[in-house]
There are 2 protein chains.
Amino acid sequence: MRIRLAILASSSIAAFGFAATPAAAEEGMWTFDGFPTEQMMSEYGWAPDQAWLDRVQAGAVRLTGGCSASFVSPDGLILTNHHCIASCLFDNSSAESDYLDHGFVAARREDELRCPGQQAEVVTGITDVTARVQGAFANLEGEALVRARNAEIAAIESESCTDTATTRCQVVTLFGGGQYKLYTYRKYSDVRVAWAPEDRAATFGGDPDNFNFPRYSMDASFLRAYENGQPVSTPNHLRWDPRAPQDGEITFVVGNPGSTSRLWTESQRAFEREVRLPVTVATTSELRGRLIRAMEESPEHAREGLDTLNGLENSLKVYIGRTTALNDPGFTGPLAQAEADLRARSAGNAEVGDPWATVDAAVDAYRDLYMPYRFITPSSSLYSYAEALVYAAQERAKPNGERLPGFTDSALPLAEQRLLGEVPVYPWLEELTLAWSLSKAREYLGVDDADTRLLLGRESPEQLAERLVSGTRLADVEYRRQLWEGGMDAIEASDDPMIQYALRLNARDRELQQLVDASYAAPLATAGAKLADARFSAFGDSLYPDATFTLRISYGRVQGWEERGNMVPYRTVMGGTFERATGNAPFDVAPAFAEMQDRIDPAVTYDFVTTNDIIGGNSGSPVIDRNGSVIGAAFDGNIHSLGGNYGYDGTLNRTVAVSTEAVQEALETIYPAPALVAELNAGR
Amino acid sequence: MRIRLAILASSSIAAFGFAATPAAAEEGMWTFDGFPTEQMMSEYGWAPDQAWLDRVQAGAVRLTGGCSASFVSPDGLILTNHHCIASCLFDNSSAESDYLDHGFVAARREDELRCPGQQAEVVTGITDVTARVQGAFANLEGEALVRARNAEIAAIESESCTDTATTRCQVVTLFGGGQYKLYTYRKYSDVRVAWAPEDRAATFGGDPDNFNFPRYSMDASFLRAYENGQPVSTPNHLRWDPRAPQDGEITFVVGNPGSTSRLWTESQRAFEREVRLPVTVATTSELRGRLIRAMEESPEHAREGLDTLNGLENSLKVYIGRTTALNDPGFTGPLAQAEADLRARSAGNAEVGDPWATVDAAVDAYRDLYMPYRFITPSSSLYSYAEALVYAAQERAKPNGERLPGFTDSALPLAEQRLLGEVPVYPWLEELTLAWSLSKAREYLGVDDADTRLLLGRESPEQLAERLVSGTRLADVEYRRQLWEGGMDAIEASDDPMIQYALRLNARDRELQQLVDASYAAPLATAGAKLADARFSAFGDSLYPDATFTLRISYGRVQGWEERGNMVPYRTVMGGTFERATGNAPFDVAPAFAEMQDRIDPAVTYDFVTTNDIIGGNSGSPVIDRNGSVIGAAFDGNIHSLGGNYGYDGTLNRTVAVSTEAVQEALETIYPAPALVAELNAGR
């Protein structure tokens, strides 16, 4: 799989809540300031102490592209998944030097490949700011509530991180508004690829095997963090232990799960099942089809579209898995029961009141807004640049406290880095996605809808997409820089058709956002805090918050599972690759694997499964043993884990990881990198 | 829209049941031997007498391609929709003479275009054979029940129609097995196109406007039935009245609604919502995307793929509409309530027992079989030929009573006509659909599934599709004839890869069919009769059966509806076309329309809506006034009608028709056909 977060970002809005009932064994994506030591001790007979937790936290890395990772040497070496850096390889490739296809081993550190827009971050502190944030909007409601909350958060972030070049501050909403925590990060905004296997080695089995197990995937890569042109010093790295995992041993996964919705109310799940998932699956499937066919048209299209297709198919599998889960009464029944139980326990609790009714009303309001809100933003990288430039120009003219969250002082550096990254743009792909999204807007909003008319005017989706993509200069990073630096004057003076289009949509886009804030986000913020009260009151504080792409730790163990009466073993071995291979994509063995078949130890543990509770965003997370050493990199969940957004079932849900033993074999034999091997050994 | 049945055929399995409660005003697709005269009289103050019904039945035509129609002159002239004959125009077209694009007016009758595989049928008799069929399987169950029932039906059909050249006999299962009726038909197997407007005139607004209103569509065409090379004599034709419909006037729609599921139980609707619709929408959307992109690759692809894309988008809109309906508690609530009500009324009725439990168990069994059953049949016209040839060779070797329903003596003539029709085959399109369906089979069944291995072996979907399509000779009608006539010896001797592939899948395909018969179809046949008992016992016999692509009559009136507080007027006028046009497809005015704009009377009523209850298969149905004259041809439903498979809401559901006034204007002014005008006038 690819449990990279970026692609799943559309599902992140309004995720809130937390475990309705205390977590079952292994369930839980725990914060580092709320690790359930006693619970683990009682279940496993052992639990990490504070020093262990501190050490692990210091070595855990968040990649702003939507993944997790870990430092594994004193010289800034980072272990993550191949699929987390595939875009970087892709952006550095051309038809002549295709690093995605052929893999990449830096002969010298100077050859390491810079990843545009990528940033590595390590948590350096967690502070509770709940009282201050909640106090700022205590007597407000609707849009005013949202504004006041955002302003207070912006102020806290701005005060706490004065050096925005090397630190980042982020106030995180936990428990749906029950808690607000300030996370401070040491950040590294120059990240480069040191080593990557062939794409086919990482994606052996392709989409058909994605979210499945047994698996035979080398989904691992190494990055390196730089500062001032030099590798950074990272003495607090994790230890690399290239050994096979043992059946039943305790494992931790430490990373940044992107978003879960485990505490949604029945009405929120109903909206998901009835409205959002159906439109998402139908439209994404059509885009998948358009792209598959376009990639068959030429080798260039095949290469240039691959990264987008991979992301798309991964997301689609998630959406389809969620659809299946929410349409399975055996899955949803316990969730409904948990809500009924919490309501019963909260009956008569005046502090709690009836937040469910508040949520129901908010969801009803959102039903009316959802389609225009979804479709007012056309899909295209070039449009995203235009939209960001227009918004940034407008927002930067305001005081920090009045800006939208993505444009506050603390958020601007990353926004700028993303906007000004040197990323190739493929006009055919831009046109394809733009025409698709505009045609879907017309389909779902209707031909005679005012928003459809705003989006299309009298042009057809295809005609408009062609005109905007062929006419815009936004693929040129220098032009983007001019507009970024020139502010609103430069934007308004621009004759770029994509900029003008973003300006045309801007007022309605803002209006829809305000409507959503007022009738949906604001009531949810209030209700979220009440639901948190209800749960804390019913179950105490041994609860974990829904995922928020912030650092979490999950405990579990190496363990297979039973599938329709058959046990699925906990691991695969590298020799199995050659048995599964058919010679036909995506079951064709990567060329270097094939070449080295005689020298690869067939008994090396390749991929393995654990009971850890993870989700998209956890990709690249180190799998850590009780010694605190890295023994794998999580890269997928099994098919049952696709319902993990809503609930966790320890008998079936599994994390899928590539073993450090297999990565070491690849470093030594298949894609030789003796300097990296030495570096990893030195750091042990 | 296109309410042509063919595309919707996949939804026809196991549709059963009938109105849970007596039909509300306008609801109902009534059989001609069960017209609710008293009910209509009490609601409308008027109802047709038997002579009126007999006259109308005699002029009503079923087109085996999946549409409805009517005779409108004494010389075999047939009115139907343009979209019902688009495939025929397409099959007669080439890049040089594109009748689909440019329209077609036969200068002389000798120039009329033969439609391969098309057949026109008129009901000549309806006989109750319930006792005989039910008696044949009275003490049986499982697969034996299905076999006995099929054998008895085959015997009845065979005995009743000895002249299979001009007659057809069909035993129809009504009320889910509560009734069996023998329908006899006069059939005409040589059908030709006499007149068709430009495709854009019929499809103005394209998919975006499909299933919407207001509409501006000339979705009408004329066919002519031939026998022995001469137009047939049809003295019992309906009268053509080229006048505007009047707001509120009584209308009848007479045609062949394909399939409804209004009496499904809760468990059947749950299966539809939870399993079948999600997989159908996701996979069809992807195919749509692949095809849209492929059609952009060249003018040839654009032309050759159009008919398939139109059908696909139409079906998809239906599936998405059904998804929306079944995910709308406001829609499903009353259906659940009706079931609860019937259960309550049936409590303690020993004759009825608990058929709901039987259905629940059958649906549970079907859940386990559904995915392999769905995916064991790859999608490709060429594969369909191969499958039909293999099945026919096997089945024709058996006695009539032991054959599968599609291969009995009474069914073979149409099967042969379809198989040996001269229809162009486009290899790129065959490969596209075949590779798509095989890749979806792998996705939904899983890489390691035995059926996936049977379907693919070690080949990839793309590779297998290429090998089969490039290697087969089945596009050649003479080769198909050889195999059809050569029987099993010829099939087994063939080295055609598609034939060999169909043989490879045959045993498993039959096995799955038997499993579905035994654990699903058979229990439903038993339960269907019990549910019929329950309903007749609770509500008497003023009920209509679910649609079965047999002749029905619906009464209603010309009437707009209220949409979010605004009235949608009952009609559009031809001049509106030019106001709605943007110049960009699909809102570009058809060239002949544009050319004749000054001469077209802008006030002519173009399309109009009525409250008649119709569904896919009704396309082309005459809209008849109380005089029995034709005043329109139904071609669509509005967006609300998409839930019509499960239930009818008279406040919102509407039939969309093109007026005879508009067709007359087109015949006189836009696509002049003076001979047809004279013929229509002579027949009035």
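The values are calculated or read from the model by the stated rules, or taken from the named source; none is laboratory data. For clarity, every value in this text was computed on a predicted model and none was experimentally measured. Cβ placement follows ideal geometry from the backbone for every residue including glycine, while neighbour counts extend to all protein chains displayed. SASA here: full protein model, heavy atoms, side chains in, ligands and nucleic acids out. Shrake-Rupley method; radii C 1.70, N 1.55, O 1.52, S 1.80 Å.
Structural remarks
- Neighbour count of at most 12 Cβ within 10 Å plus DSSP loop: longest GluC sites (Glu not before Pro)-free window in chain B: B:423-684
- Sites B:Ala131 and B:Ala95, calculated FRET efficiency, Cβ-Cβ separation with R0 45 Å, nearest 0.05: 0.20
- Shape call, chain B: gyration tensor on alpha carbons, a/c limit 1.5: rounded
- Nitroxide proxy distance, nm - points 7 Å out along Cα→Cβ at B:Asp54 and B:Ala138: 3.5
- Each part reduced to its alpha carbon centroid, segment B:137-206 and segment B:49-73 end up 16 Å apart.
- Label-point gap, in nm, between A:Asp448 and B:Ala107 - each point 7 angstrom along Cα→Cβ: 4.3
- Estimated distance in nm for a label pair at B:Arg345 and A:Asp354, the labels positioned 7 Å out from Cα along Cα-to-Cβ: 3.5
- Normalised by 2.2 N^0.38 Å, where N counts its residues, the alpha-carbon radius of gyration of the protein assembly as shown equals 0.97.
- Contour excess over end-to-end distance, with Cα ends at B:Glu266 and B:Asp364 and 0.36 nm allotted per residue: 34.0 nm
- Amide H to amide H distances under 5 Å link B:Val171 with B:Tyr183, where only residues 5 or more positions off or on other chains count and H is placed in the peptide plane.
- ³J(HN,Hα) computed for each position of segment B:306-311 - Karplus, 6.51 cos²θ - 1.76 cosθ + 1.60, integer Hz, glycine/proline x: 4, 5, 5, 5, 4, x
- Of B:Asn400, B:Val573, B:Gly617, farthest towards positive along the dipole that unit charges on Lys, Arg, Asp, Glu beta carbons give chain B: B:Asn400
- log10 of Debye I(q)/I(0), alpha-carbon scatterers only, for segment B:515-667 at 0.15, 0.16, 0.18, 0.20 Å⁻¹: -0.93, -1.01, -1.18, -1.34
- Those residues of segment B:327-342 for which accessible area with every protein chain present is at least 10 Å² below the isolated value (1.4 Å probe): B:Asn327, B:Pro329
- Residue of chain B whose Cβ sits closest to the axis mapping B onto A, with distance in whole Å: B:Gly289, 1
- B:Arg458/B:Arg626 FRET efficiency (R0 56 Å; Cβ-Cβ; nearest 0.05): 0.25
- Centre-to-centre, using Cα atoms only, segment B:439-503 and segment B:610-684 are separated by 42 Å.
- Label point 7 Å beyond Cα along the C-beta direction, distances from A:Arg243 to other copies (nm, shortest first): 9.5
- Other-copy label distances relative to A:Asn139, 7 angstrom Cα-Cβ extension, nm: 8.6
- The protein assembly as shown: antiparallel DSSP beta bridges as a percent of all, rounded to 5: 95
- Computed lengthening from A:Glu511 to A:Ala165, 0.36 nm per intervening residue step minus Cα-Cα distance: 121.2 nm
- 3J(HN,Hα) along segment A:582-597: 10, x, 10, 4, x, 9, 9, 5, 4, x, 5, 4, 4, 5, 9, 3 Hz, from the Karplus curve 6.51 cos²θ - 1.76 cosθ + 1.60 with θ = phi - 60°, whole Hz, x for Gly and Pro.
- Here's the picture: charge each Lys and Arg Cβ at +1 and each Asp and Glu Cβ at -1 in the protein assembly as shown, and of B:Ala151, A:Leu456, B:Leu100 the one pushed furthest to the positive end of that dipole is B:Ala151.
- Relative contact order (%) - chain A, alpha-carbon pairs under 8 angstrom, separation at least six: 28
- When you restrict to C-alpha pairs under 8 Å that are six or more residues apart and normalise by the size of segment A:266-539, the relative contact order lands at 27 percent.
- Note on B:Ala493/B:Asp588: beta-carbon distance plugged into 1/(1 + (r/R0)^6) with R0 of 56 Å gives a FRET efficiency of 0.60.
- Residues with amide H under 5 Å from that of B:Ser379, placed H, sequence gap 5 or more: B:Ser437, B:Leu438
- Sites listed here are trypsin sites (Lys or Arg not before Pro) in segment A:416-464 whose DSSP assignment is loop and whose Cβ has at most 16 other Cβ atoms within 10 Å: A:Arg458.
- 222 nm mean residue ellipticity, helices alone, for chain B (DSSP H n ≥ 4; -39,500 (n - 2.57); rounded to 500): -13500 deg cm²/dmol
- Accessible-area composition of the protein assembly as shown, carbon plus sulfur, in percent [1.4 Å probe]: 49
- Heavy atoms of chains A and B lose about 3300 Å² of accessible surface on contact, summed over both sides with a 1.4 Å probe.
- Taking a ≥ b ≥ c as the square roots of the eigenvalues of the Cα gyration tensor, segment B:220-379 is oblate, since a/c reaches 1.5 or more and a/b is not larger than b/c.
- Rounded to whole Hz, the Karplus (6.51, -1.76, 1.60) HN-Hα couplings of segment B:64-81, x for glycine and proline: 5, x, x, 10, 10, 5, 8, 6, 10, 8, x, 9, x, 6, 10, 8, 8, 8
- The magnitude of the dipole of segment B:266-539, with charges of +1 and -1 set on the Cβ of Lys/Arg and Asp/Glu and taken from the Cα centre, is near 500 debye.
- What separates the B:Ala594 label point from its copies, with the point 7 Å along Cα to Cβ, is 5.3 nm, written shortest first.
- Shape of segment B:450-590 from the C-alpha gyration tensor: oblate (a/c of 1.5 or more and a/b not above b/c, with a ≥ b ≥ c the square roots of its eigenvalues).
- A cut-off of 5 Å between modelled amide H atoms, ignoring neighbours fewer than 5 places along the same chain, links B:Tyr180 with B:Val129, B:Thr130, B:Leu174.
- Probe 1.4 Å, protein heavy atoms only - accessible area per residue of segment B:266-539 in square angstrom: 37
- For segment B:321-462, a crude dipole built from +1 on the beta carbon of Lys and Arg and -1 on the beta carbon of Asp and Glu, taken about the Cα centre, is about 100 debye to the nearest 20.
- Close lysine pairs were tallied over the protein assembly as shown: pairs 8 or more places apart or on different chains with Cα atoms under 18 Å apart number 4.
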